[in-house]
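Novice: Sharing a structure with you now.
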Amino acid sequence: MVTTEIDRLNEQFGCGQELIFREGPGGLTVAEIANVHATATIALHGGHVLAYQPTGRKPVLWLSRCSSFEPGKAIRGGIPVCWPWFGAHPQDSAKPSHGFARLRAWEVTRACSADDGATEIDLQLADSDVTRALWSYAFGLKLRVRIGPELRVELVAQNSDTSDVRCTAALHSYFSVGDIAEIAIHGLDGCDYIDTLPRPPAHCTQAGAVRFAGETDYVYQRTSADCIIDDPVLGRRIRIRKRGSRSTVVWNPWAAKAERMPDFGDDEYPGMVCVETANVREDAVTIAPGGEHVLATEISVEGDQ
Ligand code: TA6
């Protein structure tokens, strides 16, 4: 009998019906998690959390119906791992936007059931000829995901090289909302942010809640605050806690930009918002040789849906 990679993963890391590896969209290998608290789907491609749905509630993460699901391409939605740079490469625009971590195949290193009924799964990515051609440093990257009453995602960046490395990064979370024009994001009142759309970008200070009436791409800096997405249409509030993060990025492409993106449906922008747990621009992180940095986000839902 031919033993496939999926067979090997199920044999080594499967946890009964709680955690099963199978072929997912585009033939990508995914881990399907179903426990008392929630269901979730994680693609080994990109170390990418595709879906999270607490029991009895609606899906929390948004995923485009037009997303690519193939090696070397980014997935549109879920929680892309943007590392070791955020946005365009600072010196070479030919290098992939948001780094290479979300484009590479990650490996499973651990999976288990926790005592409280949550499910934990760890993935890792190490440097290779491909990554060194893009970024010359030796590194280790771990993604630790805990699927319970909350979704916890930790990105552990380890410097395996002999010199300091300076990284920008984001857990670029896409959230499902009832209507972008009706939501409010709390937690950033008084924070300085850069509106990246005008040329030159504008330096602003947030007054009250963040609301949306058009394309929005704001980089909040020097903030470690929780954010809350208040969604009156879906009747819920999504809380985003974070650790090891000094930046929060808020993004919605609105109609025109959505139409320009082949992996984003023209009519999908009202149903999503990105609230990204990040370290970007002046909040970049320097990791000493042998050191590590943990960037973590914890997502929970309050309300009746
Ligand atoms: O989330 C902020 C942002 O940098 C936006 O400027 C937009 O480019 C978005 O990320 C998506 O980037 P991507 O490379 O995934 O298309």
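Readers should treat all values here as calculations from the given coordinates under stated rules, not as data from a laboratory. Since the structure is predicted, the reported quantities are computational estimates derived from the model, not experimental observations. Cβ coordinates were reconstructed from backbone atoms using ideal geometry, including for glycine residues, and neighbour counts include every protein chain displayed.
Novice: How many angstrom lie between the Cα centre of the range 242-264 and the Cα centre of the range 58-122?
Specialist: Centre-to-centre distance over Cα atoms comes out at 14 Å.
Novice: Quick check on the chain: helices-only [θ] at 222 nm, where DSSP H runs of length 4 and up contribute -39,500 (n - 2.57) each and the sum goes over total residues. Nearest 500, please.
Specialist: Details: 3 runs with 22 residues, N = 305.
Mean residue ellipticity, 222 nm, calculated: -2000 deg cm²/dmol.
Novice: Follow-up question, since we're still on this one. Under the Kirkwood approximation applied to all pairs of distinct alpha-carbon atoms, what is the hydrodynamic radius of the range 207-297 in Å? Can you show the working numbers first?
Specialist: Working: mean 1/r = 0.0669 Å⁻¹.
Over the range 207-297, the inverse of the mean reciprocal pair distance is 15.0 Å.
Novice: For the range 50-194, what D do you get in µm² per second when you plug the Kirkwood radius from alpha-carbon pairs into Stokes-Einstein at 25 °C and 0.890 mPa s?
Specialist: Values: Rh = 17.3 Å.
Once the numbers are plugged in, D ends up at 142 µm²/s.
Novice: Normalise the Debye intensity by I(0) for the range 79-165, one equal point scatterer per Cα, no solvent, then take log10 at q = 0.11, 0.21 Å⁻¹ and round to two decimals.
Specialist: Once normalised to I(0) and log-transformed, intensities are -0.36, -1.02.
Novice: Hey, which of these cross-link pairs are over 25 Å Cα-Cα: K58/K142; K142/K242; K95/K257; K95/K142? Don't skip to the answer; put the middle values down first.
Specialist: Numbers: K58/K142 28 Å; K142/K242 17 Å; K95/K257 21 Å; K95/K142 22 Å.
Listed pairs above 25 Å: K58/K142.
Novice: Assuming 0.36 nm per residue, please report the length gained on full extension of the stretch S136 to D192 beyond their Cα-Cα distance. Don't jump to the answer; show the numbers that get you there.
Specialist: Values: separation 56, 0.36 × 56 = 20.16 nm, distance 3.32 nm.
Extra length from S136 to D192 when fully extended: 16.8 nm.
Novice: While we're here: Counting C-alpha atoms alone, how compact is the chain: give Rg to one decimal and Dmax as a whole number, in angstrom.
Specialist: Cα-based Rg and Dmax for the chain come out at 18.7, 63 Å.
Novice: Turning to a different aspect of this structure: Quick one: length gained pulling C204 to E11 fully straight, 0.36 nm per residue minus the C-alpha distance? Don't skip to the answer; put the middle values down first.
Specialist: Working: separation 193, 0.36 × 193 = 69.48 nm, distance 5.29 nm.
Residue separation times 0.36 nm, minus the Cα-Cα distance, leaves 64.2 nm.
Novice: Extension gain T286-R243, at 0.36 nm per residue separation less the Cα-Cα distance, in nm?
Specialist: My answer for the length gained is 13.9 nm.
Novice: Continuing with this model, one more query. Using 7 Å Cα-to-Cβ label points, what is the S224/D92 separation (nm, one decimal)?
Specialist: Roughly 3.5 nm, to one decimal.
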